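In what follows, a single structure is set out as C-alpha cells and then discussed.
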Amino acid sequence: MKGSLRELLEEVGRIIGNTPIVLLRSFSDKELRVWLKLEYTNPGGSHKDRAAYYMIKQAFEKGLLRPGSRIVEVSSGNTAISLAWIGRRLGLEVYIVVDSRVSPTKVSLLKMLGAKVEIAPLVPPEHPLFKRNIAIAIAREKSAVFLDQDSNDANHLAHYESTCVEIVEQLGRVSAFVMGVGTGGTITGVGRCLKERMGSDVKIYGVVPKGSSLDPSVSTGRRSYIEGLVGSTKPELYNKYSKYVDELIPISEEEALAKLRVLMMNEGIAAGPSTGAAIAAIEKLKNLGKIRGDVVTIAADSIVRYPHILEKLVG
C-alpha cells in the first residue's frame, strides 16, 4: 500500500471511534437511564479497534515497527481481528494465538484478513502450550513484536483518551459505568478518566464471569465462560489499574444470554454476549438500589460474530 507507515497510521486513526450512544428504554425508568455505546460500529466491528491502534502506534513511535514488520498477540478474537485489519492496511505481518473455545467465525475472519492463526489448547499457564507461552515463542522465532494487550499501557490509554472523552461529550455527567472485564483496559481507562473528571461519586462496576479469577464471591459451582471476558488468569493490566473499579459483579453465562435475548428482542440491538452480561449486572445493581441516574455500558461487539450463541438464543 502506498504511503509512509506514519501516514497510513494517521489514516487508520481518523476512522476509529466517534461511535453512537443510544438510550435503552426497556431497561430504563424514571430514576434510571441506561445508555449503550455501540462500539461494534468501529471499522473492525468492536471496541478493540481503539486498543489495537494505540498499541501499534506506540510500537511505531518506539521504533519497533516498519513496513513488513511482524506483530503477535494473544486474543479471544476481537483484538485479533482489529490487529489483523489494521496490520493489513499498514503492511504488517500478523500472528494471532487464540484458545480452542474461540468462535470459529472469528478464526475464519482472521484468516481472510491475512493473519496467521495458532489455536492453543486449554492448559495451565505453566504449560509450554499455554497461549501466552506460544505467543512468546513466536515473537522469539519470528523476530516479532509481542504487543501483549494484557499488560500494555496503550490498551488502557486508548480508552482513557478516546472512549471516555466521547462518553462525556455525548452525555455530560454520568453516575456509573458498567462493563465486562477482559484485559481490563477499557474499564480502567474509562473509569480513571470519569473519576478524574467527575470525582469519586461516579461508580465503576466491573462484570466478570462466575467462577473466574476475578469473581469476588466464594463460588463452588461451574465456572462460566463468557467469550471476551476474564478467565482463569488475572490480567496484569487490570491489577495495575484496579483502584479505578469500585466493585466486581459476577454473572453467569445463562444470565448474560437471557439479558442479551431481551436486548435484541426489545431494543433491536444485536450486541455480543459481554453486553448481555453488563445488562444483567445493571439489573442486579438496580435491584440492590446501588445505581440511578445516567448509567453507561458498551456494546463491545455484535452477536454476528457468535453464530453458535445465536443458535442458543433462537432455540
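Let me spell it out: the conditions are (1) among the hydrophobic types (A, V, I, L, M, F, W, C); (2) buried (at least 18 other Cβ atoms within 10 Å of the Cβ); (3) over 22 Å from the mean Cα position of the chain (by Cα), and C193 meets all of them except one. Which number is the exception? So the condition that C193 fails would be (3).
Residue under question is I134, and the condition is that it be of a type outside the set (G, A, S), out of contact with any Lys or Arg (no Cβ under 7 Å at 6 or more places or on another chain) and assigned by TED's automatic domain parsing to the domain that holds Y95; does it hold? Yes, satisfied.
Rundown of residues vs (1) of a type in the set (S, T, Y); (2) in contact with a helix residue (DSSP H, G or I) (Cβ under 8 Å, 6 or more places away or on another chain); (3) modelled with pLDDT of 95 or more, yes/no style:
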{"site": "D153", "(1), (2), (3)": "no, yes, yes"}
{"site": "M179", "(1), (2), (3)": "no, yes, yes"}
{"site": "C193", "(1), (2), (3)": "no, yes, yes"}
{"site": "L214", "(1), (2), (3)": "no, yes, no"}
{"site": "S217", "(1), (2), (3)": "yes, no, no"}
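Kindly indicate which of E255, E267 is under 22 Å from S76 (Cα atoms), surrounded by 16 or more Cβ atoms within 10 Å (Cβ to Cβ), modelled with pLDDT of 95 or more and among the acidic types (D, E). Show your work before the answer.
Details: E267 fails: under 22 Å from S76 (Cα atoms).
Going through E255, E267 in turn, just one is under 22 Å from S76 (Cα atoms), surrounded by 16 or more Cβ atoms within 10 Å (Cβ to Cβ), modelled with pLDDT of 95 or more and among the acidic types (D, E): E255.
Working only within the stretch 196-213, note down all residues that are within 19 Å of L36 (Cβ to Cβ), among the β-branched types (V, I, T) and crowded, with 24+ Cβ neighbours inside 10 Å.
Pass one, the stretch 196-213, residues within 19 Å of L36 (Cβ to Cβ): 202-207.
So of that shortlist, the ones also among the β-branched types (V, I, T) come out as 202, 204, 207.
Of everything in the stretch 196-213, just one residue is within 19 Å of L36 (Cβ to Cβ), among the β-branched types (V, I, T) and crowded, with 24+ Cβ neighbours inside 10 Å, namely V207.
Yes or no: the stretch 251-271 includes at least one residue that is in a strand (DSSP E or B), in contact with a helix residue (DSSP H, G or I) (Cβ under 9 Å, 6 or more places away or on another chain) and touching a residue at least 60 places away in the same chain (Cβ under 8 Å). Yes, the stretch 251-271 contains at least one residue that is in a strand (DSSP E or B), in contact with a helix residue (DSSP H, G or I) (Cβ under 9 Å, 6 or more places away or on another chain) and touching a residue at least 60 places away in the same chain (Cβ under 8 Å). The numbered conditions (1) of a type outside the set (S, T, Y); (2) surrounded by 24 or more Cβ atoms within 10 Å (Cβ to Cβ); (3) under 21 Å from R132 (Cβ atoms) are all true for E39 except (3).
Scanning the stretch 17-61 for residues that are out of contact with any Ser or Thr (no Cβ under 8 Å at 6 or more places or on another chain), within 21 Å of A278 (Cβ to Cβ) and either modelled with pLDDT under 95 or not polar (S, T, N, Q) (or both) turns up I21, V22, L23, L24, R25, F27, D29, E31, L32, R33.
The values are calculated or read from the model by the stated rules, or taken from the named source; none is laboratory data. The structure displayed is predicted, hence computed values, not measured ones. In this analysis, Cβ positions are derived from the backbone assuming ideal geometry, glycine residues included, and neighbour counts consider all displayed protein chains.
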